[in-house]
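To start, the structure under review is shown below, and the notes come after it.
Rule-based calculations on the coordinates, nothing more; no lab input. Computed from a prediction, not measured in an experiment: that's the story for all the values here. We place every Cβ from the backbone using ideal geometry, glycine too, and count neighbours over all the protein chains shown.
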Amino acid sequence: MPSRGREIGRKPGRLLDKTTTPHAHTGAELSPRGRPGRRASAARPRPALVSPWDARSEMRAGGSEARAQTDGALALLDQPAARPRRKPARFRILVVEDDARVAGVIRESLELEGEADWAVQTASMGTLALELANAAPPDVVLLDVRLPDLDGAEVYRRLRATKRTQGARILFLSAGTSFDLYQRGIEDGVLLRKPFDVGELAPLVRALLAG
């Protein structure tokens, strides 16, 4: 029978009470059941609480700044590249040709070769050519001899009879000869016989402008 002053099932020693007591060897506390608990640690500072509204405001502010920078960069990219100013054409060229396909080829060739030196207009009839010439006197006229309304020779005579257009240089486009032009009453100008190479046009126009 166990003696008084000792707990049943324990070795003789100090009686432990139900409250936690520091462990002799580890320094840990004992739980009420006698098991070691967690080691006491220093109190850690709690992080400062940030209001969700404050956090959202900061995020909005940061997002707004980033969006502003992005929008600025995109605005710079969206701006069209600065194009050099095109100088106004120094000369005017009027192409009088009733065949629209031929007139288009002549115009395209002259614009390609002349770059910004001259501006090119086309007219499919003699009456329209005279109206354009009176509105903006040309420096050179490429004149087809055969037109549906007026003869090329008649267009020539009217150009020479008008003070605003009488100084225009005229390049005749015809399948005939210079003698044929002379018989029509044409006393000056240059003849380019059809068919011709469009590569001949720009050099001839430059020569007429220089002469």
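Of the residues making up the range 161-211, those that are buried (at least 16 other Cβ atoms within 10 Å of the Cβ), among the basic types (Lys, Arg) and under 22 Å from Met125 (Cβ atoms) are Arg169, Arg184. Against the criterion of being buried (at least 18 other Cβ atoms within 10 Å of the Cβ), among the acidic types (Asp, Glu) and over 17 Å from Lys194 (Cβ atoms), Asp139 qualifies.
Across the range 118-127, the number of residues qualifying as assigned to a loop (DSSP other than H, G, I, E, B) and in contact (Cβ under 8 Å) with a residue 40 or more places away in the chain comes to 0.
Would you check if Leu159 is under 42 Å from the mean Cα position of the chain (by Cα) and closer than 16 Å to Val140 by Cβ?
On the way: under 42 Å from the mean Cα position of the chain (by Cα): no; closer than 16 Å to Val140 by Cβ: yes.
Here the answer is no, as Leu159 does not meet what is asked.
Among the residues making up the range 88-116, a single one is touching a residue at least 60 places away in the same chain (Cβ under 8 Å) and part of a loop (DSSP other than H, G, I, E, B): Glu97.
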